[in-house]
Amino acid sequence: MRVHLLGTGTVHPTPGRASAGFAVETAGTVHGFDLGRGVLNRWAEAGLEPLSLRWLHLSHLHPDHCCDLVPLLFALNYACDPPRQEALTITAPEGLEALLQDLRRAWRWLRPRFPLHLRETGPGRFVEGGATLTTALLDHGETPNLGFRIEAEG
């Protein structure tokens, strides 16, 4: 298992730091965790291909943890040649579907041209891409917030 810290910043813009985001490589699969401001470019800088991402897990829906969803969804629609056929699954707390509906109303170009699966979840356990993920609710004021544990390769 290999962990890439792609964004360790906060809501405050800081030179050289992106907002929250990291990637975990395991058994040839990459899981993304949070996608804050600047994190999508950091994927490419780390030698990872952001447009091949199949599993994205969002801790909560504050912009500093998910605002790069807009450029990701736009790129998946228009920068993939040939057009993307693989599904992208996004796991997040309650509110993900409403957020994406609002984004699509604002930018019609974000309506997926590829299979997109949304999973709104609370505490639980699921298996994806050869890894077991366990989620737990964490305190973040009034905002639903998930903590993730990933287990793979022993």
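The values are calculated or read from the model by the stated rules, or taken from the named source; none is laboratory data. Since the model is a prediction, treat every value here as computed from it, not as a measurement. Reconstructed Cβ throughout: ideal geometry from the backbone, glycine too, with neighbour counts over all protein chains shown. Just the protein is used for accessible areas: all its heavy atoms, side chains included, with ligands, DNA and RNA removed. Shrake-Rupley method; radii C 1.70, N 1.55, O 1.52, S 1.80 Å.
Every condition in (1) among the polar types (S, T, N, Q); (2) modelled with pLDDT under 95; (3) under 12 Å from the mean Cα position of the chain (by Cα) holds for Ser59 except the one numbered (2). Just to be sure, is Leu69 in contact with a helix residue (DSSP H, G or I) (Cβ under 9 Å, 6 or more places away or on another chain) and under 17 Å from Leu56 (Cα atoms)? Considered against the rule, which asks whether it is in contact with a helix residue (DSSP H, G or I) (Cβ under 9 Å, 6 or more places away or on another chain) and under 17 Å from Leu56 (Cα atoms), Leu69 comes out as yes.
If I filter the range 103-120 for residues that are small (Gly, Ala, Ser) and over 24 Å from Val70 (Cα atoms), do I get at least one hit? No. Residue count for the range 139-154, restricted to those that are farther than 17 Å from Leu96 by Cα, over 16 Å from the mean Cα position of the chain (by Cα) and free of Cβ contacts under 8 Å to residues at least 24 places away in the same chain: 4. Restricting to the range 9-23, name every residue that is at pLDDT 95 or above and out of contact with any helix residue (DSSP H, G or I) (no Cβ under 7 Å at 6 or more places or on another chain). Matches in the range 9-23: Phe22 only. Only residues that are assigned to a strand (DSSP E or B) and under 19 Å from Gly32 (Cα atoms) were counted across the range 130-154, and they come to 13. Count of the range 100-129 residues, restricted to those that are within 21 Å of Asn145 (Cβ to Cβ), part of a helix (DSSP H, G or I) and open to solvent by less than 50 Å² (accessible area, probe 1.4 Å), is 2. Here Ala79 meets the list (1) within 13 Å of the chain's Cα centre (by Cα); (2) open to solvent by 30 Å² or more (accessible area, probe 1.4 Å); (3) aliphatic (A, V, I, L, M) almost entirely, failing just condition (1). Those strands (runs of 3 or more DSSP E) of the range 1-76 in which at least 3 residues are touching a Gly at 6+ places or on another chain (Cβ under 8 Å), considering only elements entirely within it, cover 21-26, 29-33, 55-57.
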